[in-house]
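J.: Take this structure first; my questions come after.
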Amino acid sequence: MLSASMFGYSDKASAAPVLKSSSETAILVDGDTGKVLYQKKAEQVLPPASMSKMMTEYLVNEAIKKGKIKWDQKTAISTYAHKISQNRSLSNVPLRSDYKYSVKELYEAMAIYSANGASIALAELVGGSEEKFVKMMNDKAKEMGIKDARFVNCTGLNNNDLQGFDSVGSKTDENKMSAKSVGILAYKLINDYPEVLDIASIPTKWFRPNTDDKILMKNWNWMLPELVYGYKGVDGLKTGTTDSAGYAFTATAKRDGTRLISVLMKSDSYKGRFDETKKLLSYGFENYSKETLLPKGYELKNKKTLPVIQGKDKEVGIKTKEPVTMLVKNGEKENYKPVLVIDKKHLDKDGKLKAPLKKGEAIGHIELKYTGKEKDQGYLLNDGSGKGQASVVTTKAVEKANWFVLSMRSTGHFFGGVWDSAMDTVKGWF
């Protein structure tokens, strides 16, 4: 008889499944919003190995988008990239020093086969040198909100494997990141450049076919549906292995409109990282559902309108600009409550909404606060990066009142106050 414990879940029939991962660190997130579904020591910093190449992929795609390089552009191979590429104990396609390769060829070798020499060639093309490219990697990490990453090379290798060409850090240095930071990198990569999955999902491809240099590149991501540990919906993303990193893997899969991203670091074996990833992804797909928690045009029951100061109208209607759809654990939908947050720029010093306001102007947002018993895991980025919430807009324009109207209101308030005071005095006579 099969039991839940066989799959790493709790065996209690009355309790929701509890995921247990044997990897040193792990994280599972909603690929659309960055909402964290599960984490284990996710902020512990470890070597990411070749998962580092996701940052190299990001910067190559960014350079193409900005027009700095092109997919069909040819580039020569430096002595450094050539020598590293000849080391077949590392993941590589041997590169020729007398041949120029296209950016697309090198990128495919890096993304499919984790080719280290190809990664170096791309880094040198984009950055001018690996040292300058590494600075770009660290700068981009900070821009993404990643605080614990430290890159010393573009490949994820230990500097000791770079045959004396290392330029950043010590001779035995290695890139460092947490599983959460790797998750942010993967999230940014596939959301900013979703086309990367077109290449990441290729199971096998010939490098330089119809030449003497041809090599069959078999994707190291053996969870692609066509490969050894095929899993439905997997279309990326990057494995990583070094002596100090152990076996690491960032996976992404999409089923029925739901995309998940999982990261695990320091798994105990080559196969183990795929088994653990299957456990993570299955947990997400089986226990979470995409729910629309707020529809477009939603109005808060007790705040359909807000008072406005210094306006021709004294109040304005508000509603959500877009719906809020997010992954919710089965049975937890009712535990999310809407909370209105007004942007400070629309408030006066006393915290009141001020005119003028345009029709459809975004004045804040409604965020969903979890009120259930389980611990809310939050988002990859603490502010949610605008995910899991809806913009709040005005239903009409409110022009700023002129000085005469404002002064009359002020006078009215004054005499109203005098009248109220007089009436209180009269009441005191009887």
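The values are calculated or read from the model by the stated rules, or taken from the named source; none is laboratory data. Since this is a predicted model, take the numbers as computed values, not measurements. Neighbour counts are summed over all protein chains in view; Cβ atoms, including those assigned to glycine, are modelled from backbone coordinates with ideal geometry. Heads up: the accessible areas ignore ligands, DNA and RNA and are worked out on the full protein's heavy atoms, side chains in. Shrake-Rupley method; radii C 1.70, N 1.55, O 1.52, S 1.80 Å.
J.: Which listed residue (L122, T241, G331) has the Cα farthest towards the positive end of the charge dipole for the chain, taking +1 on Lys and Arg C-beta and -1 on Asp and Glu C-beta about the Cα centre?
T.: Looking along the dipole axis, the top candidate is G331.
J.: Shifting gears a bit: Could you size up the charge dipole of the chain around its Cα centre, putting +1 on the beta carbon of Lys and Arg and -1 on that of Asp and Glu, and report it in debye to the nearest 20? Mind showing how you got there, number by number?
T.: Working: 67 positive and 52 negative charges, 199 e Å.
Here the size comes out at about 960 debye.
J.: Tell me, what does the Kirkwood hydrodynamic radius of the range 265-329 come to in angstroms if you use every pair of distinct C-alpha atoms?
T.: Numbers: mean 1/r = 0.0626 Å⁻¹.
Here the Kirkwood hydrodynamic radius works out to 16.0 Å.
J.: Related question: Rank-order 206-213, 325-332 by packing density, defined as the average count of other C-beta atoms within 10 Å over each peptide's residues, highest first. Present the calculation step by step, with values, prior to reporting the outcome.
T.: Numbers: 206-213: 12.1, 325-332: 17.5.
Final packing ranking: 325-332, 206-213.
J.: Shifting gears a bit: Roughly what percent of Cα-Cα pairs across the chain reach past 28 Å?
T.: I get 58 percent for the Cα pairs in the chain exceeding 28 Å.
J.: Given 4 °C and 1.567 mPa s, how large is the Stokes-Einstein diffusion coefficient of the range 252-300 in µm²/s, with Rh as the Kirkwood radius over Cα pairs? Walk me through the numbers on the way to the answer.
T.: Values: Rh = 13.0 Å.
D, rounded to a whole number, is 99 µm²/s.
J.: Oh, and also: Could you tell me the relative contact order of the chain? Use alpha-carbon pairs under 8 Å, at least six residues apart, and round to a whole percent.
T.: Details: 871 pairs, mean separation 67.0, N = 430.
Result for the chain is 16 percent.
J.: Mind telling me which of N175, N160, N61 comes out most flexible in a GNM of the chain, alpha-carbon contacts under 10 Å?
T.: The residue with the greatest mean-square fluctuation here is N160.
J.: Let me ask you something else. Ignoring ligands, DNA and RNA, please state the percent of accessible area on the range 5-136 from carbon and sulfur, probe 1.4 Å. Before the final figure, lay out each step's value.
T.: Details: 2620 of 5330 Å².
Answer for the range 5-136 is 49 percent, counting heavy atoms of protein chains only.
J.: A further question follows. As an exercise, find the ratio Rg/Rh for the range 178-240 from alpha-carbon atoms, using the Kirkwood inverse-distance average for Rh. Intermediate results must be reported in sequence, preceding the final value.
T.: Details: Rg = 13.7 Å, Rh = 13.1 Å.
Answer for the range 178-240: 1.05.
J.: Could you list, bin by bin from short to long, the percent of Cα-Cα pairs of the range 13-119 in 10 Å steps?
T.: 12, 31, 26, 19, 9, 3, 0
J.: Can you give the three extents of the C-alpha atoms in the range 185-316 along their principal axes, from longest to shortest, in whole Å?
T.: 79, 35, 31
J.: Name the most mobile residue of T204, T277, T250, meaning the one with the largest mean-square fluctuation, in a Gaussian network model of the chain with Cα contacts below 10 Å.
T.: Of the options given, T204 has the highest mean-square fluctuation.
J.: Considering only D275, D235, D243, give the residue with the highest GNM mean-square fluctuation for the chain, with springs between Cα atoms whenever their separation is below 10 Å.
T.: Of D275, D235, D243, the Gaussian network model singles out D243 as fluctuating most.
J.: In angstroms, what radius of gyration and Dmax does the range 316-358 have, counting Cα atoms only?
T.: Looking at the range 316-358, its Cα Rg and Dmax stand at 15.2, 44 Å.
J.: State, as an integer percentage, the relative contact order of the range 62-195 based on alpha-carbon contacts under 8 Å between residues 6 or more apart.
T.: Details: 191 pairs, mean separation 23.3, N = 134.
After rounding, I find 17 percent.
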